[in-house]
Structures are given as structure tokens and as C-alpha cells.
Amino acid sequence: MSIIYVLLVIEDDLIANRIASLIGSGHSIVRFKETNESERWLTDSQQVDLIITDRNNGDVMVSLVRNNRDYRLVPFLIVSRLGESPVEQATIASGVTDLLAIHEDNYRIQTKISYYLSLSGQIRAFDKTSPLVISNQFRLPWWKRLFDISVSFTVLLLLSPVLLIVAAVIALDSKGPILYKSKRAGANFHVFNMYKFRTMKVEADQLLGQLASNNIYAKPENKADITDTGDAPCSVCQANGVPCQKLLFDHDHHICETHYLQETQDKAKFMKFRNDPRITRIGTFLRNSSIDELPQLFNILVGDMSLVGNRPLPLYEAEKLTSDEFARRFAGPAGLTGLWQVKKRGKGQGPMSDKERTLLDIEYSSTFSFKTDVLIIWQTLFSLWQKENV
């Protein structure tokens, strides 16, 4: 009989001891208080069947675990206490399997732990008999990599005076860092830090939720679907003649799981705004001239991106494109410019839908060649200046 391994990354001794006692003595338990200690332990490809962390370590740990092929299928639980603010949606979307409510009775906690331990055992048995093979794993052709290095290095060398001037202007225009760093998903869902010249105020990310209604890719909102749930069923459950399943806790109130899942599905996959109030004074010029994209030449030089490809997406957008229909866009290189930039957008035909963008990305992934890359670069030179403030 194989040994079951459980990793605990929990600062509080009382909570860690309680969970360990509920797991039982028949399993091997490894416990750390901080993420950096567990990270060193995991780098040795240790066997793990279940991971349980507290809120403080959760965000870092889930990113570490889900970016490691050895642990991508391991159930991941975050401990929550009574009265704590709900776990952010972004954390759940990033790979957390479930929450472990430490204020519940021992039987409920033990039942949930036992369930995920048994689930992990089934996953491990499946992996041994049917190892996961990722088809369509993209590999950058040698000619494309050679072309990327040659061009990006040459352009960086020639434009270095311009880059220094832009950096100085940004520093004088508004407070904050000169470069904006953003986690992006590129080819094969590879996550990396993409760089841009900062064009927004430093609190821009906090304003994102307030601007959702101005998203040019957002679908029209059907007011008939919005219901104050209270004790009454939401419109989705009411139409199906079933009671609401109030299993989720969001922003300090219960929310029907059926309604939440439909609302998440209906949200636009991309976010961009006209006349964005978060943009700095110099930011509009940098964006319209595409100068803000120049630091990505460093991403190209180190191999995270290519000169031509599909735009690397923020993680909250990439996680909405994991179905078989749309995931094919990631079976191609992440690029500084691409097919959709020089088609409808480059010709000033207005914003395209998120589906149009994705279909063009898929088309490029399936058909790119040296000839098409050169043609797209040439067309990009004539569409650098955007006609809309987006």
C-alpha cells in the first residue's frame, strides 16, 4: 500500500495541529510555516497527494504549485476562518480546489479531507496507467527565434536614446515606476512577466472593477436577468423551477451558484476601455503611438515572446480560453504584433469582438510562416498609430 503525503503550509500552530490530527497518523504529513521553506522542499519533486495552506500563503503557493507539472493535478485547499473576508475570485480561478472552513466541526473537516485524499489517489492511479500527453505542444522554429534575436537586439540598440527619453518623461509626468510589469500567459500557457512603459496611474488595477460596464468587449447586459436574490430564487433557477443553490459566499453575502456560473460565463473574455480615465497625460500618446510596447523587445530577446504572434493575455483572460475551441490560440507564439492588429483594427474598422480576435489568433497559430511574419511586420508599420483611445 502506497504512502499518502500531505503538505501543510500554515503559520498558526493550533490550526496546523488540528488539521494534522484529523488527517490521521496513517499518512505522512509535512508542515512548513512559510512559503519559501515549502518551495525549497517542492523543488526536489517530492510526492504530494494533498496541499493545505492558510490565507497568507495561499496566493503564492497556488501559483507555485500550478506552474509545476509535477503538482498541477494535486488538490489544493485554503483554510478559512469564520468572519474572514471571502477568498478573491482571482485566487479561486488560479487553481485553488476548495476551501477548508476551520470553524466547522471535526466530522465535516475530516470528511472533506478524506474526499480529496481519495480523489488524489484516483488521479495518481490514472496518471500511472494513462499518462497525460499534451498534444499540440508548440515549439518555436529555429528560423523564427534567430529572426527574433537579430531584430530585437538591433532595434533596442538603435532606439536606446528614445527609450531613455521616454523613461525620463514618464518619471516626470506622474508618480510610480517607469515600467509596468504584468503576468501574462503565452505559448503553451507559459506564464511570464511582460513589460510595458507605464501609461496608467499607479492605482489603475483597483479601478478595474468599477469600469467593467465600459468594456468595449462586454456583452449587453440583460436587466431581466439581474435579481436581488434575497430569499427569492434568481431568474436562472426560477426559469428551471428549482430552488437556488446558495453555496457560494461573495463580497459578504451568499450568491446562487447557478447564477454565479452563468454570470462568469457571460462575461467578456477581454477587457479594454474607450477614453480610459486611468491613463496618465503622456500615456495616451504612448499608447496611440504604440511606444508603450517597446520594452517587450526585452521579452523577445530572452525568449518569452516573438516579434509576431498572438498577444500574451493577462491571466484573468487566459483562464477563460481553456476550452478545446479556444485553447488552440496558445498553440502558437506570443507576439509583439499579430494578425488581428493588422486586419480590422489596423484598417480603422473599429473594435472587433473577442471571438473575432480569438479566431484570428487560431488562424495565425495554424498558418504562420516566414513570409506571413514579414508581411505582418510590414503592415504593422502602417498601423502603429491607433485611431481610437483604447
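The values are calculated or read from the model by the stated rules, or taken from the named source; none is laboratory data. What you see is a predicted model, and the numbers here were worked out from it, not measured in a lab. Please note: Cβ atoms are built from the backbone with ideal geometry, for glycine as well, and neighbour counts cover all protein chains shown.
Can you find a residue that is touching a strand residue (DSSP E or B) at 6+ places or on another chain (Cβ under 8 Å), assigned to a loop (DSSP other than H, G, I, E, B), loosely packed, with under 13 Cβ neighbours inside 10 Å and modelled with pLDDT under 80 anywhere in segment 3-23? Yes, that holds for at least one residue. Of the listed requirements (1) at pLDDT below 90; (2) within 21 Å of the chain's Cα centre (by Cα), Glu293 misses just one: (1).
Quick grid of which residues meet (1) at pLDDT 85 or above; (2) in a helix (DSSP H, G or I); (3) not assigned by TED's automatic domain parsing to the domain that holds Glu363:
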{"position": "Val242", "(1), (2), (3)": "no, no, yes"}
{"position": "Phe249", "(1), (2), (3)": "no, no, yes"}
{"position": "His259", "(1), (2), (3)": "no, yes, yes"}
{"position": "Asp276", "(1), (2), (3)": "no, no, no"}
{"position": "Asn299", "(1), (2), (3)": "yes, yes, no"}
{"position": "Lys320", "(1), (2), (3)": "no, no, no"}
{"position": "Arg328", "(1), (2), (3)": "no, yes, no"}
{"position": "Gly332", "(1), (2), (3)": "yes, no, no"}
{"position": "Leu336", "(1), (2), (3)": "yes, no, no"}
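Just one of (1) over 30 Å from Ile279 (Cβ atoms); (2) modelled with pLDDT of 95 or more trips up Leu157, so point out which. Of (1) over 30 Å from Ile279 (Cβ atoms); (2) modelled with pLDDT of 95 or more, only one is false for Leu157: (1). Across segment 24-49, the qualifying residues are those that are part of a helix (DSSP H, G or I) and among the hydroxyl-bearing types (Ser, Thr, Tyr), and the one among them that is surrounded by the most Cβ atoms within 10 Å (Cβ to Cβ) is Ser38. Surrounded by 17 or more Cβ atoms within 10 Å (Cβ to Cβ), in a loop (DSSP other than H, G, I, E, B) and at pLDDT below 85 - does that describe any residue in segment 54-71? Within segment 54-71, not a single residue is surrounded by 17 or more Cβ atoms within 10 Å (Cβ to Cβ), in a loop (DSSP other than H, G, I, E, B) and at pLDDT below 85.
Residues in segment 338-349 that are assigned to a loop (DSSP other than H, G, I, E, B) and either modelled with pLDDT under 90 or among the polar types (S, T, N, Q) (or both): 7 in all. So in segment 357-386, with the set limited to residues that are at pLDDT 90 or above and part of a loop (DSSP other than H, G, I, E, B), which one is nearest to Leu339 (Cα to Cα)? Among residues in segment 357-386 that are at pLDDT 90 or above and part of a loop (DSSP other than H, G, I, E, B), the one nearest to Leu339 (Cα to Cα) is Phe368.
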